[in-house]
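Worksheet: the structure to be examined is printed underneath.
The values are calculated or read from the model by the stated rules, or taken from the named source; none is laboratory data. Here the structure is a predicted model, which is why all the values come from computation and not from measurement. Cβ: placed from backbone, ideal geometry, glycine included. Neighbour counts: every protein chain shown.
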Amino acid sequence: MEKAQTRIETKCVQGGYTPGNGEPRQVPIIQSTTFKYSTSEDMGKLFDLEASGYFYSRLQNPTCDTVAAKICALEGGSAAMLLSSGQAASFFSVFNIASCGDHVVSSASIYGGTYNLFAVTMKKMGIDFTFVDPDCTEEELRKAFRPNTKAVFGETIANPALTVLDIEKFAKIAHENGVPLIIDNTFATPINCRPFEHGADIVTHSTTKYMDGHGVAVGGCIVDSGKFDWMAHKEKFPGLCTPDMSYHGITYAEKFGQGGAYITKATAQLMRDFGSTQSPQSAFYLNLGLESLYVRMQRHCLNAQKVAEFLESNDKITWVNYPSLPSNKYYPLAQKYMPSGTCGVVSFGVKGGRKAAEAFMKKLQIIAIETHVADARSCCLHPASATHRQMNEEELIAAGVPGDLVRLSCGLENYEDLIEDIQNALENI
Ligand SMILES: *Cc1c(COP(=O)(O)O)cnc(C)c1O
């Protein structure tokens with residue numbers, strides 16, 4: 001049972017789990033693949049979705065559900081599920097409502113893994129994506145829709161471009177066209193932005209990032225706001241609004257209502273068939289991360305702000321991209337959607353280009369070179385020589401990752417130590 005009307009700090013610590021008399025204070029790890037029943041009839045009711053309960057951990061597990069309930073409370077949603085990774089969450093979030101022959105509109109400024117999933121792998125499954133500039137006008141956005149469009153997708157703060165999405169603009173045009181807006185809220189976290197409050201319908205997370213926060217476990221989550229009226233757009237969403245023959249003719253939107261249909265379908269059908277389950281042990285680690293999420297996000301943002309201000313004033317740095325800097329193009333949108341902070345990731349250019357950027361990173365002592373962000377430990381990446389190394393200079397610029405770009409994820413250390421580390425490295429290039 002969810003505690004009534006608590007504030008977000010309290011939800012981080014106590015949400016999703018209320019132990020009874022004499023029960024464990026910490027969320028128990030139910031490390032069991034299966035669950036015992038007295039009669040076959042009891043179990044049959046679960047298989048028919050006539051009763052709720054657990055029978056096999058590929059579909060649902062009590063530890064995972066407890067942690068999903070906490071994230072659901074943080075986002076202000078109606079239902080949520082954990083998945084094995086952020087990639088699985090992005091895939092399920094779209095595939096739950098779009099299939100072969102359908103079309104989806106997505107912001108072009110998204111995580112590279114998501115772009116590949118959409119543009120290559122889901123394209124092979126017969127789903128077409130139109131990628132739009134996140135800064136497009138309403139008119140340009142309207143033009144991207146087709147009669148078979150089933151969803152709109154974007155990231156609150158895009159990884160790695162750090163563009164800020166105008167969520168209300170995207171929600172408005174999505175709803176005009178009778179489809180939901182799905183937001184990947186990984187970088188902002190519900191501490192800094194709750195997309196449902198701005199009209200988004202479904203939120204996804206790579207919990208691997210700030211929610212875990214300690215570089216421990218890969219994971220994902222999907223949260224439904226319960227606000228999208230599937231039955232009002234019946235013809236677009238037959239998977240939710242007509243009987244599912246693989247589930248004894250259940251119509252999800254009728255049986256589970258607006259608040260439960262989407263997550264029930266994603267669990268009963270997609271998790272059953274794809275099995276992208278999070279382990280109870282990983283969910284336990286994730287919950288430990290969530291307990292301190294509020295406190296950590298404040299520190300990540302403070303450190304990034306101080307580092308970004310230092311970089312902006314340094315003459316060995318050619319440009320700085322951080323949406324909470326007043327000089328940033330996205331500062332007005334960041335102030336509107338994330339007034340108390342954005343994220344801990346800053347990107348910048350080193351004078352002297354690609355060679356200087358590589359030389360600079362070699363000299364860092366506290367900040368480590370890693371393909372990761374949102375860890376307690378600060379880390380950095382030079383995309384041109386790592387994740388994007390197959391691209392030439394022109395392609396790099398087109399992808400928004402010029403050769404001099406360094407992506408820095410500010411951890412939870414003392415910011416003066418981070419600044420000194422950067423200053424030393426710049427002086428020793
Ligand atoms: C990392 C990331 C993903 C993918 O998540 P995994 O947990 O690595 O599968 C998706 N979206 C964003 C914004 C990310 O940063």
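Here are the numbers for this structure:
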quantity	calculated
In region 37-53, the residues that are touching a helix residue (DSSP H, G or I) at 6+ places or on another chain (Cβ under 8 Å) and either aliphatic (A, V, I, L, M) or modelled with pLDDT of 95 or more (or both)	LEU49, ALA51
Helices (runs of 4 or more DSSP H) wholly inside region 228-343 containing at least 1 residues that are aliphatic (A, V, I, L, M) and closer than 19 Å to MET211 by Cβ	257-265, 280-291, 293-312
Test set (1) under 17 Å from ALA119 (Cα atoms); (2) in contact with a helix residue (DSSP H, G or I) (Cβ under 8 Å, 6 or more places away or on another chain) - CYS100 fails condition number	(2)
Pairs where the first residue, in region 14-43, is free of Cβ contacts under 8 Å to residues at least 12 places away in the same chain and the second is surrounded by 10 or more Cβ atoms within 10 Å (Cβ to Cβ), C-beta under 8 Å, 6+ apart	GLN14/LYS3; GLN14/THR6; ARG25/PRO19; ASP42/ALA51
Test: residue in region 40-51 that is in the same structural domain as CYS136 (by TED's automatic domain parsing) and within 16 Å of the ligand (Cβ to nearest atom)	no
Verdict on MET231 being at pLDDT 95 or above and either in the same structural domain as GLY77 (by TED's automatic domain parsing) or not charged (D, E, K, R) (or both)	yes
Unmet requirement for ALA359, which otherwise passes all of (1) closer than 28 Å to MET211 by Cα; (2) in contact (Cβ under 8 Å) with a residue 24 or more places away in the chain	(1)
Verdict on SER93 being within 16 Å of the ligand (Cβ to nearest atom), surrounded by 24 or more Cβ atoms within 10 Å (Cβ to Cβ) and within 19 Å of the chain's Cα centre (by Cα)	yes
Failed condition for VAL67, given (1) hydrophobic (A, V, I, L, M, F, W, C); (2) loosely packed, with under 12 Cβ neighbours inside 10 Å; (3) touching a strand residue (DSSP E or B) at 6+ places or on another chain (Cβ under 8 Å)	(2)
Residues of region 35-46 classified as outside any helix (DSSP H, G or I) and surrounded by fewer than 10 Cβ atoms within 10 Å (Cβ to Cβ), total	3
Which listed residue, of THR251, THR163, is of a type in the set (Val, Ile, Thr), more than 16 Å from the ligand (Cβ to nearest atom), over 24 Å from LYS11 (Cα atoms) and more than 14 Å from the chain's Cα centre (by Cα)	THR251
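Matching residues to (1) in contact (Cβ under 8 Å) with a residue 40 or more places away in the chain; (2) assigned to a helix (DSSP H, G or I); (3) surrounded by fewer than 17 Cβ atoms within 10 Å (Cβ to Cβ):
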residue: GLY101; (1), (2), (3): yes, no, yes
residue: VAL104; (1), (2), (3): yes, no, no
residue: ILE110; (1), (2), (3): yes, no, no
residue: VAL120; (1), (2), (3): no, yes, yes
residue: LYS123; (1), (2), (3): no, yes, yes
residue: GLY126; (1), (2), (3): no, no, yes
residue: PHE131; (1), (2), (3): no, no, no
residue: PRO134; (1), (2), (3): no, no, no
residue: GLU140; (1), (2), (3): no, yes, yes
